[in-house]
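**Student:** Just dropping this structure here.
The values are calculated or read from the model by the stated rules, or taken from the named source; none is laboratory data. Every value quoted in this text rests on a predicted model; they were computed, and no experiment measured them. Every residue, glycine among them, receives a Cβ derived from its backbone with ideal geometry; neighbour counts consider all protein chains shown. These accessible areas exclude ligands, DNA and RNA; they are computed on the full protein's heavy atoms, side chains included. Shrake-Rupley method; radii C 1.70, N 1.55, O 1.52, S 1.80 Å.
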Amino acid sequence: MFFVVHALLCFLVTQVMAEKIIMFCRYYVLLIVLLPYRTLQFFYHKFQVSRASNLDAAEGIENHVPIEPKLSSSFITDSEIQSEFSHHAPGVARMNNGSFGCCPASVISALQQWQLKLLCQPDHFYFNELENRILESRYKIKDLINAEDVDEVSIVDNISTAVAIVLQQAAWAFAEGKFNKGDAVIMFHCAYGAVKNSIEAYFSRAGGYVIEVQLNFPLNSNEEIISEFSKALEREKGNGRRVRLAVIDHVTCMPSVIMPVKQLVKICREEGVEQVFIDAAHGVGCVDVDMQEIGADFYASTLYKWFFCPPAAAFLYCRKSATYSDLELHHPVVSHRYGMGLAEESFWVGTRDYTPYLVLPSAMEFVKRFEGGVEGIRKMNHDAVVEMGKMLAEAWGTHLGCPPDMCASMIMVGLPSCLGISSDDDAMKLWAHLRKKFGVEVRIHYQAPKDGEVVLTTGYVRICHQIYNKVDDYYKLRDTINQLVHDGFTCALE
């Protein structure tokens with residue numbers, strides 16, 4: 001009897017356990033097995049919806065722009081400015097913004113979004129989106145510089161390309177008999193080195209003559225510049241020389257000074273100079289830029305030096321009368337759009353990263369965060385660089401290279417004569433020494449004395465001021481130079 005009861009109980013327990021195992025498998029094992037699948041399915045569905053939404057939006061020029069952070073109604077704070085430039089190398093006093101510019105974090109983020117979009121689907125980006133986005137940036141530039149027509153604006157990578165476009169047409173004019181051997185280009189002796197090389201490569205080599213106007217630096221007034229330019233033109237015209245082109249800086253690089261471009265363009269018109277090209281590498285964001293007021297035929301400016309775009313983005317403005325003249329303008333890189341107009345040729349010069357051209361709207365949004373916008377930034381930089389320049393000149397017992405109203409966001413300050421800067425090589429030595437040993441980034445200029453002239457100051461430092469700069473940067477430069485003087489440093493010993 002005992003064994004029968006025990007067997008019955010075992011059977012019942014086994015049956016109950018079996019039912020529980022079945023129930024567990026039915027409700028839980030299936031859930032465990034399906035959970036990863038359901039999870040993956042959920043995220044896949046989300047990805048598809050997001051992708052479809054992006055592709056739909058990309059079809060129209062107004063719909064797909066990298067998402068910008070919502071901005072406060074108040075103006076940007078000092079801490080926010082420092083945050084925007086926190087990627088700058090720590091411990092380095094950057095006072096050389098005029099060479100390579102700067103790019104805030106918000107614009108870098110927009111750039112990276114465009115680059116990712118390009119790399120995700122290059123065919124769609126290049127064939128369906130790029131042209132409209134570049135056109136959008138060209139419209140922004142047109143309004144920014146007060147151009148008459150968007151067709152006057154071509155986006156290029158840098159000033160060297162813009163100069164090549166203008167001078168290439170001059171070289172062809174010589175080759176085709178439109179210009180005669182000995183026809184001239186006029187420029188100032190302080191024109192940028194790469195521009196001088198382009199004049200040599202395209203103009204001089206084709207048979208042209210170069211008139212180089214000397215500037216007596218340091219300068220005291222615009223009248224000195226205007227007088228030297230006028231005398232050079234009158235002298236060459238008296239010799240029967242025909243001046244085809246004038247190349248004039250808006251803000252010279254080294255030594256740095258704002259040129260009276262409106263007056264110089266007016267002189268060119270009165271004296272029969274056919275075309276005027278303004279090299280405004282330090283243009284937009286550094287000085288006031290208005291095409292209707294300046295009146296030049298060509299005007300080229302970077303967008304990465306003083307307008308917060310990444311390298312390399314620039315533009316070339318070609319006045320309608322110059323664009324439609326018998327002197328054809330072409331991009332030096334010949335690609336599929338050759339002959340369709342300069343703006344079209346510049347839009348596509350082969351497969352490359354055009355995304356720096358597309359972040360101009362983001363840079364403009366960044367500028368709007370400042371009181372007064374770009375004009376407010378320019379005034380702040382000018383006032384600050386003048387104040388710091390005066391402080392340095394007083395500390396070193398020297399002088400400024402020009403009156404404050406002749407400088408923009410850069411100013412020249414005389415260096416102590418005991419540093420022994422007596423050649424361009426010496427200037428390069430000191431520049432490298434400051435950067436490598438002390439973490440001070442500035443440009444050094446050697447100013448050769450005129451024949452028979454005895455001057456104490458032959459070396460100048462060019463300091464820049466941009467919104468990220470602090471007073472401590474300039475104190476570091478001041479103290480570094482004072483330390484070199486104290487230690488008896490000379491360029492001859494370096």
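**Student:** Got a sec? Which strands (runs of 3 or more DSSP E) wholly within the stretch 391-480 have at least 2 residues that are among the aliphatic types (A, V, I, L, M)?
**Tutor:** 410-414, 459-464
**Student:** Specify which of the listed residues (S99, S74, S109) is of a type in the set (S, T, Y), under 21 Å from P361 (Cβ atoms) and either modelled with pLDDT of 95 or more or over 19 Å from the mean Cα position of the chain (by Cα) (or both).
**Tutor:** The match here is S109.
**Student:** Which residues, counting only those in the stretch 242-271, are surrounded by fewer than 16 Cβ atoms within 10 Å (Cβ to Cβ) and part of a loop (DSSP other than H, G, I, E, B)?
**Tutor:** Passing the criteria: only R242.
**Student:** Which of the residues belonging to the stretch 87-133 are touching a strand residue (DSSP E or B) at 6+ places or on another chain (Cβ under 6 Å) and either part of a helix (DSSP H, G or I) or on the phi > 0 side of the Ramachandran plot (or both)?
**Tutor:** Correct list: N97, G98.
**Student:** Can you pull out the residues in the stretch 447-472 that are open to solvent by 30 Å² or more (accessible area, probe 1.4 Å) and at pLDDT 95 or above?
**Tutor:** Result: K470, V471, D472.
**Student:** Quick test of your reading of the structure: Y338 fulfils all but one of (1) of a type in the set (F, W, Y); (2) part of a loop (DSSP other than H, G, I, E, B); (3) in contact with a helix residue (DSSP H, G or I) (Cβ under 7 Å, 6 or more places away or on another chain); (4) within 22 Å of S106 (Cα to Cα). Name the failing condition by number.
**Tutor:** (4)
**Student:** Shifting gears a bit: Write out, first by first residue and then by second, each pair whose Cβ atoms fall under 7 Å of each other, whose residues are 6+ apart or on separate chains, and whose first residue, in the stretch 122-133, is over 12 Å from F347 (Cα atoms) while the second is in a helix (DSSP H, G or I) and not aliphatic (A, V, I, L, M).
**Tutor:** Here the result reads F125/K117, each pair linking the stretch 122-133 to a residue that is in a helix (DSSP H, G or I) and not aliphatic (A, V, I, L, M).
**Student:** Additional query: Answer with yes or no whether S230 is surrounded by fewer than 19 Cβ atoms within 10 Å (Cβ to Cβ) and in contact with a helix residue (DSSP H, G or I) (Cβ under 8 Å, 6 or more places away or on another chain). Talk me through it step by step, then tell me what you get.
**Tutor:** Details: surrounded by fewer than 19 Cβ atoms within 10 Å (Cβ to Cβ): yes; in contact with a helix residue (DSSP H, G or I) (Cβ under 8 Å, 6 or more places away or on another chain): yes.
Against the criterion (surrounded by fewer than 19 Cβ atoms within 10 Å (Cβ to Cβ) and in contact with a helix residue (DSSP H, G or I) (Cβ under 8 Å, 6 or more places away or on another chain)), S230 qualifies.
**Student:** Which of the residues spanning the stretch 280-316 are assigned to a helix (DSSP H, G or I) and among the hydrophobic types (A, V, I, L, M, F, W, C)? Spell out how you get there, then give the answer.
**Tutor:** As a first pass, look at the stretch 280-316 and keep what is assigned to a helix (DSSP H, G or I): 291-294.
Of everything in the stretch 280-316, those that are assigned to a helix (DSSP H, G or I) and among the hydrophobic types (A, V, I, L, M, F, W, C) turn out to be M291, I294.
**Student:** I would also like to ask the following. Please enumerate the residues belonging to the stretch 371-381 that are open to solvent by 20 Å² or more (accessible area, probe 1.4 Å) and in contact with a helix residue (DSSP H, G or I) (Cβ under 8 Å, 6 or more places away or on another chain).
**Tutor:** G372, V374
**Student:** Moving to a separate point now. D353 - would you say it is in contact (Cβ under 8 Å) with a residue 60 or more places away in the chain and open to solvent by 20 Å² or more (accessible area, probe 1.4 Å)? Walk me through how you get there before you give the answer.
**Tutor:** Values: in contact (Cβ under 8 Å) with a residue 60 or more places away in the chain: yes; open to solvent by 20 Å² or more (accessible area, probe 1.4 Å): yes.
It is true that D353 is in contact (Cβ under 8 Å) with a residue 60 or more places away in the chain and open to solvent by 20 Å² or more (accessible area, probe 1.4 Å).
**Student:** For the stretch 196-216, how many residues are at pLDDT below 95 and part of a helix (DSSP H, G or I)? Explain how you work it out, then say what you get.
**Tutor:** Looking only at the stretch 196-216, we keep the residues that are at pLDDT below 95, and these are 214-216.
Cutting the leftovers down to part of a helix (DSSP H, G or I) gives us none.
Residues that pass the stated criteria total 0.
**Student:** Which of (1) surrounded by 14 or more Cβ atoms within 10 Å (Cβ to Cβ); (2) part of a loop (DSSP other than H, G, I, E, B) does E236 not meet, given it meets every other one?
**Tutor:** It fails just one condition, (2).
**Student:** Sticking with this structure for a sec: Would you tally the residues in the stretch 196-217 being open to solvent by 50 Å² or more (accessible area, probe 1.4 Å) and either under 18 Å from A448 (Cα atoms) or more than 29 Å from the chain's Cα centre (by Cα) (or both)?
**Tutor:** Number satisfying all stated conditions: 5.
**Student:** In the stretch 134-153, how many are in a helix (DSSP H, G or I), touching a Phe, Trp or Tyr at 6+ places or on another chain (Cβ under 7 Å) and buried (at least 16 other Cβ atoms within 10 Å of the Cβ)?
**Tutor:** The number of residues fulfilling the criteria is 5.
**Student:** If only one of E344, E387, E394 is farther than 17 Å from V471 by Cα and surrounded by fewer than 18 Cβ atoms within 10 Å (Cβ to Cβ), which one is it?
**Tutor:** Result: E344 is the single residue among E344, E387, E394 that is farther than 17 Å from V471 by Cα and surrounded by fewer than 18 Cβ atoms within 10 Å (Cβ to Cβ).
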